[in-house]
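Novice: First, the structure itself, so that you have it in front of you.
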Amino acid sequence: MARDDFSRAVVDRLAKRVGMRCSNPDCRQPTSGPDAAGGTTNVGVAAHISAASPGGARYDEALTPEQRSDIANGIWLCQRDAKLIDDDELSFPPTLLREWKDTAEKMAALEARGYSVSKASPFPALERKMPELIAEMRADLMGNKLVRQFILLKKGWAYNPGSTPYFQYFFDDHPQVKAMMTIMIHAGAIYDIKFNSVDRYNFTEPFVSYLIGE
(Lines give C-alpha, C1' and ligand atoms only; values in the text may rest on other atoms or scores of the structure.)
Protein backbone atom coordinates (compact mmCIF):
# COMPACT_ATOMS: atom_id res chain seq x y z
CA MET A 1 0.00 0.00 0.00
CA ALA A 2 1.26 3.47 -0.89
CA ARG A 3 2.53 5.71 1.88
CA ASP A 4 0.81 9.00 2.58
CA ASP A 5 4.02 11.01 2.67
CA PHE A 6 4.37 14.73 3.25
CA SER A 7 4.93 17.06 0.33
CA ARG A 8 8.21 18.98 0.13
CA ALA A 9 6.32 22.14 1.07
CA VAL A 10 4.93 20.51 4.22
CA VAL A 11 8.38 19.20 5.20
CA ASP A 12 9.83 22.68 4.78
CA ARG A 13 7.09 24.28 6.88
CA LEU A 14 7.41 21.69 9.66
CA ALA A 15 11.13 22.41 9.96
CA LYS A 16 10.86 26.19 9.83
CA ARG A 17 7.98 26.39 12.31
CA VAL A 18 10.27 25.01 15.02
CA GLY A 19 13.35 26.98 14.02
CA MET A 20 15.01 23.98 12.34
CA ARG A 21 15.39 22.30 15.74
CA CYS A 22 14.21 18.94 17.05
CA SER A 23 10.73 19.26 18.57
CA ASN A 24 11.55 17.03 21.54
CA PRO A 25 11.73 19.62 24.35
CA ASP A 26 14.51 17.62 26.03
CA CYS A 27 16.57 17.66 22.82
CA ARG A 28 16.10 20.82 20.71
CA GLN A 29 19.22 20.02 18.69
CA PRO A 30 19.78 22.04 15.48
CA THR A 31 18.95 19.99 12.38
CA SER A 32 20.51 22.15 9.68
CA GLY A 33 23.95 23.60 9.00
CA PRO A 34 26.64 24.16 6.37
CA ASP A 35 28.27 21.39 4.35
CA ALA A 36 31.80 21.17 2.95
CA ALA A 37 30.71 22.15 -0.56
CA GLY A 38 29.35 25.52 0.50
CA GLY A 39 25.76 24.36 0.66
CA THR A 40 23.61 23.15 3.53
CA THR A 41 23.02 19.84 5.25
CA ASN A 42 19.81 18.64 6.89
CA VAL A 43 19.71 15.98 9.59
CA GLY A 44 16.07 16.50 10.56
CA VAL A 45 13.10 14.24 9.85
CA ALA A 46 9.49 15.13 9.12
CA ALA A 47 8.00 12.31 11.20
CA HIS A 48 4.39 11.17 11.11
CA ILE A 49 2.41 11.43 14.33
CA SER A 50 0.06 8.79 12.91
CA ALA A 51 1.89 6.45 10.53
CA ALA A 52 1.86 7.04 6.79
CA SER A 53 0.79 3.44 6.10
CA PRO A 54 -0.68 0.40 7.92
CA GLY A 55 1.73 -1.34 10.27
CA GLY A 56 3.52 1.85 11.17
CA ALA A 57 3.70 3.44 14.60
CA ARG A 58 0.45 4.97 15.86
CA TYR A 59 -1.39 4.15 12.61
CA ASP A 60 -4.96 5.47 12.66
CA GLU A 61 -7.21 3.87 10.06
CA ALA A 62 -9.84 6.56 10.65
CA LEU A 63 -7.66 9.19 8.99
CA THR A 64 -7.96 9.90 5.27
CA PRO A 65 -4.84 9.95 3.06
CA GLU A 66 -5.10 13.74 2.97
CA GLN A 67 -5.15 13.91 6.77
CA ARG A 68 -2.13 11.60 7.09
CA SER A 69 -0.07 13.78 4.77
CA ASP A 70 -1.27 17.06 6.27
CA ILE A 71 1.04 19.26 8.32
CA ALA A 72 -1.20 18.65 11.35
CA ASN A 73 -0.03 15.01 11.34
CA GLY A 74 3.67 15.86 11.23
CA ILE A 75 6.37 16.68 13.75
CA TRP A 76 9.95 17.78 13.06
CA LEU A 77 12.57 15.70 14.90
CA CYS A 78 16.24 14.85 14.83
CA GLN A 79 17.05 11.42 13.38
CA ARG A 80 17.59 9.86 16.80
CA ASP A 81 14.23 10.96 18.17
CA ALA A 82 12.40 10.13 14.94
CA LYS A 83 13.63 6.55 15.30
CA LEU A 84 12.93 6.48 19.03
CA ILE A 85 9.25 7.45 18.76
CA ASP A 86 8.62 4.70 16.21
CA ASP A 87 10.62 1.99 17.96
CA ASP A 88 8.79 2.62 21.25
CA GLU A 89 5.40 3.88 20.13
CA LEU A 90 3.64 3.04 23.41
CA SER A 91 5.88 5.51 25.24
CA PHE A 92 5.24 8.18 22.61
CA PRO A 93 1.49 8.36 21.93
CA PRO A 94 -0.03 10.97 19.58
CA THR A 95 -1.06 13.18 22.51
CA LEU A 96 2.54 13.48 23.70
CA LEU A 97 3.90 14.18 20.22
CA ARG A 98 1.32 16.90 19.64
CA GLU A 99 2.31 18.42 22.97
CA TRP A 100 5.97 18.37 21.86
CA LYS A 101 5.05 20.02 18.58
CA ASP A 102 2.99 22.74 20.20
CA THR A 103 5.70 23.47 22.78
CA ALA A 104 8.45 23.57 20.13
CA GLU A 105 6.49 26.01 17.96
CA LYS A 106 5.84 28.30 20.94
CA MET A 107 9.52 28.18 21.92
CA ALA A 108 10.58 29.00 18.35
CA ALA A 109 8.16 31.94 18.27
CA LEU A 110 9.67 33.38 21.46
CA GLU A 111 13.25 32.80 20.26
CA ALA A 112 12.45 34.59 16.99
CA ARG A 113 11.52 37.61 19.12
CA GLY A 114 14.85 37.56 20.91
CA TYR A 115 13.89 35.65 24.03
CA SER A 116 16.06 32.88 25.47
CA VAL A 117 13.93 29.85 26.33
CA SER A 118 15.10 27.03 28.60
CA LYS A 119 13.49 24.28 30.60
CA ALA A 120 12.90 25.06 34.28
CA SER A 121 15.32 23.41 36.70
CA PRO A 122 13.85 20.52 38.74
CA PHE A 123 16.23 21.18 41.62
CA PRO A 124 14.20 23.78 43.59
CA ALA A 125 11.46 21.14 43.92
CA LEU A 126 13.98 18.83 45.59
CA GLU A 127 14.62 21.45 48.26
CA ARG A 128 10.92 21.59 49.03
CA LYS A 129 10.65 17.80 49.30
CA MET A 130 13.81 17.13 51.34
CA PRO A 131 15.10 20.43 52.77
CA GLU A 132 17.28 18.96 55.53
CA LEU A 133 19.16 16.58 53.23
CA ILE A 134 19.69 19.18 50.50
CA ALA A 135 20.91 21.70 53.07
CA GLU A 136 23.41 19.13 54.38
CA MET A 137 24.63 18.37 50.86
CA ARG A 138 25.03 22.07 50.08
CA ALA A 139 27.08 22.63 53.24
CA ASP A 140 29.32 19.67 52.39
CA LEU A 141 29.93 20.87 48.83
CA MET A 142 30.59 24.44 49.92
CA GLY A 143 33.31 23.02 52.17
CA ASN A 144 34.84 20.85 49.45
CA LYS A 145 33.74 21.76 45.94
CA LEU A 146 35.66 18.97 44.22
CA VAL A 147 34.07 15.97 45.94
CA ARG A 148 31.35 14.24 43.93
CA GLN A 149 30.84 10.87 45.62
CA PHE A 150 28.69 10.11 48.65
CA ILE A 151 27.52 7.01 50.49
CA LEU A 152 24.60 6.07 52.73
CA LEU A 153 25.41 4.46 56.07
CA LYS A 154 23.99 3.73 59.49
CA LYS A 155 25.84 5.39 62.33
CA GLY A 156 28.43 3.01 63.69
CA TRP A 157 29.10 1.32 60.35
CA ALA A 158 32.64 1.36 58.99
CA TYR A 159 33.46 1.91 55.33
CA ASN A 160 36.80 2.13 53.55
CA PRO A 161 36.52 3.54 50.01
CA GLY A 162 40.26 3.76 49.49
CA SER A 163 41.70 7.08 48.38
CA THR A 164 38.48 8.48 46.87
CA PRO A 165 37.09 11.39 48.91
CA TYR A 166 33.41 11.16 49.74
CA PHE A 167 30.59 12.57 51.83
CA GLN A 168 28.35 10.40 53.99
CA TYR A 169 24.70 10.66 54.95
CA PHE A 170 23.03 8.53 57.59
CA PHE A 171 19.85 6.49 57.53
CA ASP A 172 19.44 7.51 61.17
CA ASP A 173 19.19 11.20 60.21
CA HIS A 174 17.08 10.68 57.09
CA PRO A 175 14.78 7.62 57.55
CA GLN A 176 13.36 7.89 54.00
CA VAL A 177 16.69 8.54 52.34
CA LYS A 178 16.40 5.63 49.86
CA ALA A 179 13.14 7.06 48.52
CA MET A 180 14.85 10.45 48.35
CA MET A 181 17.64 8.94 46.25
CA THR A 182 15.11 7.65 43.72
CA ILE A 183 13.54 11.10 43.41
CA MET A 184 16.95 12.74 43.04
CA ILE A 185 17.95 10.29 40.30
CA HIS A 186 14.74 11.06 38.42
CA ALA A 187 15.51 14.78 38.71
CA GLY A 188 19.01 14.33 37.29
CA ALA A 189 20.69 15.42 40.52
CA ILE A 190 22.62 12.19 41.19
CA TYR A 191 23.37 8.81 39.65
CA ASP A 192 23.86 5.40 41.26
CA ILE A 193 27.37 3.90 41.43
CA LYS A 194 26.57 1.18 43.99
CA PHE A 195 29.42 -1.28 44.58
CA ASN A 196 29.73 -4.29 46.91
CA SER A 197 26.27 -3.69 48.40
CA VAL A 198 27.23 -0.19 49.58
CA ASP A 199 24.73 2.52 48.61
CA ARG A 200 27.00 4.87 46.72
CA TYR A 201 26.18 7.79 44.41
CA ASN A 202 27.74 10.65 42.49
CA PHE A 203 26.40 14.19 42.22
CA THR A 204 25.82 15.46 38.67
CA GLU A 205 27.61 18.65 37.64
CA PRO A 206 24.39 20.66 37.04
CA PHE A 207 23.22 19.80 40.56
CA VAL A 208 26.58 20.76 42.08
CA SER A 209 26.45 24.10 40.24
CA TYR A 210 22.94 24.65 41.56
CA LEU A 211 23.94 23.89 45.16
CA ILE A 212 27.07 26.03 45.29
CA GLY A 213 25.79 28.82 43.04
CA GLU A 214 28.31 28.53 40.22
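Novice: For region 45-62, how many residues are out of contact with any Lys or Arg (no Cβ under 8 Å at 6 or more places or on another chain) and surrounded by 17 or more Cβ atoms within 10 Å (Cβ to Cβ)?
Specialist: Residues meeting the conditions: 5.
Novice: For region 95-105, does any single residue satisfy the condition of being closer than 21 Å to V43 by Cα and part of a loop (DSSP other than H, G, I, E, B)?
Specialist: no
Novice: Considering each of E61, E66 in turn, give the residue that is of a type in the set (D, E) and assigned to a helix (DSSP H, G or I).
Specialist: That would be E66, the only listed residue that is of a type in the set (D, E) and assigned to a helix (DSSP H, G or I).
Novice: Considering G156, G162, G143, which residue is among the small types (G, A, S), exposed (fewer than 12 other Cβ atoms within 10 Å of the Cβ) and either modelled with pLDDT of 95 or more or in the same structural domain as S23 (by TED's automatic domain parsing) (or both)?
Specialist: The match here is G143.
Novice: If you check K129, K119, K83, K145, which single one turns out to be out of contact with any helix residue (DSSP H, G or I) (no Cβ under 8 Å at 6 or more places or on another chain), of a type in the set (D, E, K, R) and either free of Cβ contacts under 8 Å to residues at least 60 places away in the same chain or farther than 23 Å from A47 by Cβ (or both)?
Specialist: K83
Novice: Kindly evaluate L133 against the criterion of being over 21 Å from the mean Cα position of the chain (by Cα), of a type in the set (A, V, I, L, M) and not in a helix (DSSP H, G or I).
Specialist: No: the conditions fail for L133.
Novice: A further question on this structure: Can you confirm whether I183 is aliphatic (A, V, I, L, M) and within 19 Å of the chain's Cα centre (by Cα)?
Specialist: So I183 passes the test.
Novice: State whether the residues of region 146-153 include one that is among the aliphatic types (A, V, I, L, M), over 23 Å from T204 (Cα atoms), outside the structural domain of I75 (by TED's automatic domain parsing) and loosely packed, with under 10 Cβ neighbours inside 10 Å.
Specialist: no
Novice: So, in region 107-128, how many residues would count as being under 17 Å from the mean Cα position of the chain (by Cα) and polar (S, T, N, Q)?
Specialist: 2
Novice: Which of (1) at negative phi; (2) surrounded by fewer than 16 Cβ atoms within 10 Å (Cβ to Cβ) does G114 not meet, given it meets every other one?
Specialist: (1)
Novice: Which of the following residues is among the hydroxyl-bearing types (S, T, Y) and over 30 Å from R28 (Cα atoms): S121, S197, S116?
Specialist: Sole residue among the options that is among the hydroxyl-bearing types (S, T, Y) and over 30 Å from R28 (Cα atoms): S197.
The values are calculated or read from the model by the stated rules, or taken from the named source; none is laboratory data. Remember, predicted model here, so these are calculated numbers, not experimental data. Ideal geometry is used to build each Cβ from the backbone, glycine not excepted, and the neighbour counts take in all protein chains shown.
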